[in-house]
Amino acid sequence: MQDKEQQFERLFHSEYGRMYRAAHILLGDADEAKDAVQDVFARLWDGSIMLREESQRTFLLTCVRNHCLNIIAQQQRHREAEKRLALAGTLADTDPWLGKSDDELTTMVRQYIDERLTPQTARVIRMHYDDDQSYKDISGQLGISLSAVNKHIVQGLRKLRHHLQNRKA
């Protein structure tokens, strides 16, 4: 066991800098780059990633690149969802079907979230939009992956949007 830990530590020290620089270039943020490299090494340590001796450097750089691209795609989906929510809010101001004040609309949305979504999805959405917490913060507090946080938000918003569109009809 000691040998495995020593090998892992040597690999970490020899490749971390290169992987960090690649992640930083892709993500443009030092903390996110550190987290991305840390995630790749965590997956390597827990056995989620299998590493072949002859292609370690290339494989690890590929893993960190792919992980960064997934983060970028997730951030893009998040920005698009926020734009759609902002657009929906703007349209709601001019949409006669609502005929409701902002307070009434907010109450209607909160009631839907609390009563119709799963408790976990409702909690994730409230943490993100009410408490203004990042996906990473939510992930850490709830002990779920970033992709699970994204899944809860995307599915919850999709159901809410469908509900609001059906009310219009």
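The values are calculated or read from the model by the stated rules, or taken from the named source; none is laboratory data. Everything numeric here is computed off the predicted structure, so don't read it as measured data. Please note: Cβ atoms are built from the backbone with ideal geometry, for glycine as well, and neighbour counts cover all protein chains shown. To get the accessible areas, we keep the full protein, side chains included, count just its heavy atoms, and leave off ligands, DNA and RNA. Shrake-Rupley method; radii C 1.70, N 1.55, O 1.52, S 1.80 Å.
A few remarks follow.
- Pairs spanning more than 21 Å between alpha-carbon atoms, out of K136/K159; K4/K136; K34/K136: K136/K159; K4/K136.
- Using θ = phi - 60° and Karplus 6.51 cos²θ - 1.76 cosθ + 1.60, couplings along the range 65-75 (whole Hz; Gly, Pro as x): 4, 4, 5, 5, 5, 5, 5, 4, 5, 5, 4
- Portion, in percent, of the accessible area of the chain that falls on carbon or sulfur, probe 1.4 Å: 50 percent
- Pairwise FRET efficiency - S147 versus E5, Cβ, R0 = 45 Å, nearest 0.05: 0.95
- Per-residue 3J(HN,Hα) values for the range 114-120, derived from phi via the Karplus relation 6.51 cos²θ - 1.76 cosθ + 1.60 with θ = phi - 60°, read 6, 9, 10, 8, 5, x, 5 Hz in sequence order (x marks Gly and Pro).
- Helical runs assigned H by DSSP (4 residues or longer) give the chain a calculated mean residue ellipticity at 222 nm of -27000 deg cm²/dmol, each run adding -39500 (n - 2.57) before division by the residue total.
- Nearest 10 degrees, 0 to 90: helix 30-45 Cα axis against the chain principal axis: 60 degrees
- Rounded tilt (10° steps) of 2-27 against the dominant C-alpha axis of the chain: 50 degrees
- Computed magnitude of the charge dipole of the chain (debye, nearest 20; Cβ of K, R +1, Cβ of D, E -1): 660 debye
- Degrees separating the helix 146-168 axis from the principal Cα axis of the chain, which is the longest one: 20 degrees
- Accessible area per residue in Å² at 1.4 Å probe, computed on the chain: 65 Å²
- [x] 132; [y] 185; [z] 143, with the label sought being that of the calculated volume of the Cα convex hull per residue in Å³: [x]
- The aspartates and glutamates whose alpha-carbon is closer than 16 Å to the alpha-carbon of K83, local same-chain residues fewer than 8 away aside, are D93, D132.
- For the pair E80 and H13, a Förster radius of 41 Å applied to the C-beta separation gives a FRET efficiency near 0.60, rounded to the nearest 0.05.
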